[in-house]
Amino acid sequence: MEDTIKIELLTPLTGTFLPNEMEQDWEEEDYNDFEEEQVFFEGDDLTEYASVIQEKIAEYNRVGHDDDRTDNLMDYFDGSAAIKEKVVSAVPSVKELDGVLYGCTTLELKEYLEAEELSELCEYLTGQYSDGWGEGFEQQEIPVEGGELCIHFWRPIDFEFQQAKSEVSKEKSEKQENPVNVPKRLKMQLLGMDGNVFAVMARASKLLQENGQGQEAKEMIARVQKSENYYQALHIISEYVETELSASSQNDTKPPKKRGKEECR
């Protein structure tokens, strides 16, 4: 079987808890009372419900499939052909990390995505979670002690993708472990950029390609997509182009604090 790459994209997860004692046959004029009875959970409140939420996701993903297949969000993707060719599947689930429960989209890739392609895919997944798959799933009540829980994979503010540490299927990682030799250091300023790691990566990739270093650009993107956090990603980029972090990348021997994710807005 062809080797594949797996990447987990994490997104904020929230929930609405509906107590059992809440009136089921409520009138429209009592909506404010109904709304006041709801309890809203953030990701750190949802960790104890991780298993039942995942069970409901698995059940929901089988709806409409007669065989053992489950929903693959790439079945509905109508974007660029390059992404369709590279991405085998995009499957929703949940993942606990550092005491917080996140929505998790597991991507199975034939090869790494370019920065622009990953941004396009994130935009598509945002639409799925706000209006498509996510809108349908949040209507699936999950019975829990004392009431029912509805889970929201999308929210209108502070919604972003964070890339968890990649799990590479049968892929050697010598390039990541060995020092990188770049023939010419191009300068790129990080100060003033918005913290979007894919925007930073895309800018660095463009500079490298314009300088005839297309192979280095691809190598940098692959390493960044396997990085463990945003801080580490910036230091990897700073090995290929000269930034404010380049000097500290060479002199600072203290490893960055691991958080297990990097921002992907």
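The values are calculated or read from the model by the stated rules, or taken from the named source; none is laboratory data. None of the values given here were measured: they were computed from a predicted structure. So basically every Cβ, Gly included, is an ideal-geometry build from the backbone, and we count neighbours across all protein chains shown. Keep in mind that these areas ignore ligands, DNA and RNA; they rest on the heavy atoms of the full protein, side chains included. Shrake-Rupley method; radii C 1.70, N 1.55, O 1.52, S 1.80 Å.
Set side by side, the residues E262, E216 differ, and just one is open to solvent by 40 Å² or more (accessible area, probe 1.4 Å) and either modelled with pLDDT of 85 or more or not in a helix (DSSP H, G or I) (or both), which is E216. Restrict the check to region 106-113 and report whether at least one residue is more than 21 Å from E219 (Cα to Cα), touching a residue at least 40 places away in the same chain (Cβ under 8 Å) and open to solvent by less than 60 Å² (accessible area, probe 1.4 Å). Yes, there is a match, as at least one residue in region 106-113 is more than 21 Å from E219 (Cα to Cα), touching a residue at least 40 places away in the same chain (Cβ under 8 Å) and open to solvent by less than 60 Å² (accessible area, probe 1.4 Å). Exactly one residue among V91, V100 is closer than 22 Å to A222 by Cα and among the hydrophobic types (A, V, I, L, M, F, W, C), and that residue is V91.
In the set (1) modelled with pLDDT of 95 or more; (2) in contact with a Lys or Arg (Cβ under 8 Å, 6 or more places away or on another chain); (3) over 26 Å from K226 (Cα atoms); (4) not small (G, A, S), the condition left unmet by V52 is number (2).
In region 206-224, the residues that are of a type outside the set (F, W, Y) reach residues that are open to solvent by 50 Å² or more (accessible area, probe 1.4 Å) with C-beta atoms within less than 6 angstrom, at least six apart or across chains, in these pairs: A217/Q209; R223/Q176. When A90 is tested against (1) in contact (Cβ under 8 Å) with a residue 40 or more places away in the chain; (2) assigned to a strand (DSSP E or B); (3) open to solvent by less than 40 Å² (accessible area, probe 1.4 Å), just one condition goes unmet, and that condition is (1). Of all the criteria given as (1) within 17 Å of E42 (Cα to Cα); (2) out of contact with any Pro (no Cβ under 9 Å at 6 or more places or on another chain), the one not satisfied by R155 is (2). Which residues, taken from region 161-213, are at pLDDT 75 or above, loosely packed, with under 13 Cβ neighbours inside 10 Å and in contact with a strand residue (DSSP E or B) (Cβ under 8 Å, 6 or more places away or on another chain)? Matches in region 161-213: K187 only.
For region 219-233, a residue qualifies if it is of a type in the set (S, T, Y) and either at pLDDT 85 or above or assigned to a helix (DSSP H, G or I) (or both), and the qualifying residues are Y230, Y231. Looking only at residues that are assigned to a loop (DSSP other than H, G, I, E, B) and closer than 19 Å to I142 by Cβ in region 49-87, which one is farthest from the chain's Cα centre (by Cα)? Going through the qualifying residues, I end up with V63.
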